[in-house]
Amino acid sequence: MTKPAEPTCSECGQLDCYHQRGNPPAFCVGKKTAPEVVEEVAERYRGDGPDAVLARASAEVEGTYYGKLNRVEETLAFARRIGAHRIGIATCVGLIEEARLFATILRRGGFDPQTVLCKIGGLDKTEIGVPDAHKIKPGGFEACCNPVLQAVALNAKKTDLNVLIGLCVGHDALFYKHSDAPVTTLITKDRVLGHNPAAALYTAKSYGKRVLDEDRLKDL
């Protein structure tokens, strides 16, 4: 395994920021961060600012329901604690049934769900410069995902919190970038692993060894 020239948290064995044993490695990212920067960030979590509200709500849900709630339930608990009522759902067309069920759950929980599908706008992929050969099925209309318009549509609805359901890698990044409301993810898309991308890591040293094949990875 290639060692990095500049180690970071993934190379740390002490995890001193978590355990507080007083033995951080020399390359500790936290210790190498200027104290005034650490304090400046900590200050954002204090008071009644938006970052403070989100941070404390997250900690309360974690501490109160640790190991007791699934992520669907945690999302509702978090939304309630930040005072969110109108919840945006940015969903992939391939998970529209899951989005419909989640919307029902939100309504039963007293929230106002607003769902926007990834194919909103109906733009053919060639209209944004994608070669026809790069379509899943070349030769015909194939709508491109439109995460920026999803975000714009939900911004117009003035949602208090947006929830992602299965947006593609990269499309999710665009949605995060353009959403006015805070965003949390309910389902992360993985077409091969049944939307459980962590399975690639769990099986990396057994059935899924291909994810450690350097030559293959460099060709992706």
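The values are calculated or read from the model by the stated rules, or taken from the named source; none is laboratory data. On a predicted model such as this, the values are computed, not experimentally measured, just so you know. Note that we place each Cβ from the backbone using ideal geometry, even for glycine, and neighbour counts take in every protein chain shown. Surface areas here come from the heavy atoms of the whole protein model, side chains and all, with no ligands, DNA or RNA. Shrake-Rupley method; radii C 1.70, N 1.55, O 1.52, S 1.80 Å.
Positive end of the charge dipole of the chain (Lys, Arg +1 and Asp, Glu -1 on Cβ, about the Cα centre): tell me which of Pro197, Val37, Thr104 has its Cα farthest that way.
Highest projection toward the positive end goes to Thr104.
Work out the length of the dipole vector of the range 3-118 about its Cα centre, built from +1 on the beta-carbon of each Lys and Arg and -1 on the beta-carbon of each Asp and Glu, and round it to the nearest 20 debye.
Computed about the Cα centre, the dipole is about 360 debye.
Quick check: from the Cα gyration tensor, does the range 100-201 come out rounded (a/c under 1.5), prolate or oblate? Mind showing how you got there, number by number?
On the way: a/c = 2.03, a/b = 1.38, b/c = 1.47.
It comes out oblate by the Cα gyration axes.
Taking the chain as a Gaussian network, Cα atoms linked when under 10 Å apart, which of Ile96, Ile136, Ile165 shows the biggest mean-square fluctuation?
Of Ile96, Ile136, Ile165, the most mobile in the Gaussian network model is Ile136.
To the nearest 10 Å², what's Lys119's accessible area with a 1.4 Å probe?
Only protein atoms counted, so the area is about 60 Å².
Using only alpha carbon pairs under 8 Å that are at least six residues apart, calculate the relative contact order of the range 173-220 and give it in whole percent. Present the calculation step by step, with values, prior to reporting the outcome.
Numbers: 21 pairs, mean separation 7.2, N = 48.
In percent, rounded to a whole number, it is 15.
Only four residue types carry charge here, +1 at the Cβ of Lys and Arg and -1 at the Cβ of Asp and Glu. Report the dipole size of the chain about the Cα centre in Debye, rounded to the nearest 20.
Values: 29 positive and 28 negative charges, 114 e Å.
Approximately 540 debye in magnitude.
Given +1 on the Cβ of Lys and Arg, -1 on the Cβ of Asp and Glu, and no further charges, what dipole in debye does the range 66-113 carry about its Cα centre, rounded to the nearest 20?
Working: 8 positive and 5 negative charges, 41 e Å.
Taking the Cα centre of the range 66-113 as origin, the dipole is about 200 debye.
Which of Tyr207, Tyr176, Tyr45 moves most in a GNM of the chain, Cα contacts under 10 Å?
Comparing Tyr207, Tyr176, Tyr45 in a Gaussian network model of the chain, the most mobile one is Tyr207.
Just tell me, in residue order, which DSSP H segments of the chain are both 27 angstrom or longer along the helix axis (alpha-carbon based) and at least 0.0 in mean Kyte-Doolittle hydropathy.
Numbers: long enough: none.
Span-like helices in the chain: none at all.
Rank Cys17, Cys145 by accessible area, highest first, at a 1.4 Å probe radius?
Details: Cys17 115, Cys145 30 Å².
Per-residue accessible area, sorted high to low, gives Cys17, Cys145.
Between Cys92, Ala151, Leu220, whose Cα lies farthest towards the positive end of the dipole of the chain when Lys and Arg beta carbons carry +1 and Asp and Glu beta carbons carry -1, centred on the Cα centre?
About the Cα centre, the residue reaching furthest to the positive side is Cys92.
With springs only between Cα atoms under 10 Å, which of Ser179, Ser206, Ser58 fluctuates most in a Gaussian network model of the chain?
It is Ser206.
Given the protein chains as shown and a 1.4 Å probe, how many square angstrom of Arg71 are accessible, to the nearest 10?
120 Å²
Distance between Cα centroids, the range 120-192 to the range 1-70: provide it in whole Å.
30 Å
Please go through the residue pairs Lys68/Lys158; Lys135/Lys218; Lys68/Lys177; Lys135/Lys177; Lys189/Lys209 and name each one whose alpha carbons sit more than 27 Å apart in this structure.
Working: Lys68/Lys158 31 Å; Lys135/Lys218 23 Å; Lys68/Lys177 32 Å; Lys135/Lys177 25 Å; Lys189/Lys209 21 Å.
The answer is Lys68/Lys158; Lys68/Lys177.
Of the DSSP beta bridges with both residues in the chain, give the percent that are antiparallel, rounding to the nearest 5.
Details: 1 of 16 bridges.
Approximately 5 percent, going by the DSSP bridge assignments.
Summing +1 for each Lys or Arg and -1 for each Asp or Glu, what net charge is found among the other residues whose Cβ lies under 14 Å from the Cβ of Leu164? Walk me through the numbers on the way to the answer.
Numbers: positive: Arg71, Lys177, Lys189; negative: Glu98, Asp172, Asp190.
Computed value for this residue: 0.
With an 8 Å Cα cut-off and a minimum separation of 6 or more residues, compute the relative contact order for the chain in percent.
Values: 252 pairs, mean separation 29.9, N = 220.
With pairs under 8 Å counted, the relative contact order is 14 percent.
Classify the chain: rounded, prolate or oblate, from the alpha-carbon gyration tensor (a ≥ b ≥ c, eigenvalue square roots; a/c under 1.5 rounded; otherwise prolate if a/b is larger than b/c)?
Working: a/c = 1.82, a/b = 1.15, b/c = 1.58.
Because a/c hits 1.5 or more and a/b fails to exceed b/c, the chain counts as oblate.
How big, in percent, is the set of alpha carbon pairs in the range 24-139 lying more than 18 Å apart? Working shown, then result.
Details: 4669 of 6670 pairs.
Taking all Cα-Cα pairs of the range 24-139, the fraction more than 18 Å apart is 70 percent.
Which Cα, out of His178, Gly121, Val72, lies furthest along the positive dipole direction of the chain (beta carbon charges, K/R +1, D/E -1)?
Most positive-ward Cα: Val72.
Given the whole protein assembly as supplied and a 1.4 Å probe, what does the accessible area of Ile89 come to in Å², nearest 10?
0 Å²
What order do Asp180, Asp172, Asp16 take when sorted by accessible area (1.4 Å probe), most exposed first?
Details: Asp180 125, Asp172 35, Asp16 15 Å².
I get Asp180, Asp172, Asp16, largest accessible area first.
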